[in-house]
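Beneath this line is the structure, given in structure tokens, with notes to follow.
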């Protein structure tokens with residue numbers, strides 16, 4: 001399995017994992033509270049999966065922004081060094 005295929009499998013899971021942990025879909029709010037009845041090992045496992053999913057989501061978003069900037073559709077202002 002290629003890395004990109006694995007990313008495609010992980011990325012959509014983020015919202016489902018956050019819902020399973022009783023959180024909303026916002027990636028800006030960290031998962032800190034363990035739901036009652038969830039084992040600590042499962043909580044840590046799901047939290048790690050969600051972090052991996054969020055990292056992939058941000059990487060894809062940044063790539064999209066860079067492609068749009070390179071094609072001239074958006075101007076981020078300032079200069080990149």
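The values are calculated or read from the model by the stated rules, or taken from the named source; none is laboratory data. The model shown is predicted, which means the values in this text are computed figures rather than measured ones. Glycine also receives a Cβ, built like all others from the backbone with ideal geometry; neighbour counts cover every protein chain displayed.
Some points to look at:
- Total residues in the stretch 1-24, condition modelled with pLDDT under 80, within 15 Å of the chain's Cα centre (by Cα) and part of a loop (DSSP other than H, G, I, E, B): 2
- Subset of the stretch 61-79 [surrounded by 11 or more Cβ atoms within 10 Å (Cβ to Cβ) and touching a helix residue (DSSP H, G or I) at 6+ places or on another chain (Cβ under 8 Å)]: 74
- For the stretch 38-81, a residue qualifies if it is in a loop (DSSP other than H, G, I, E, B) and more than 24 Å from residue 15 (Cβ to Cβ), and the qualifying residues are 72, 73, 74, 75, 76, 77, 78, 79, 80, 81.
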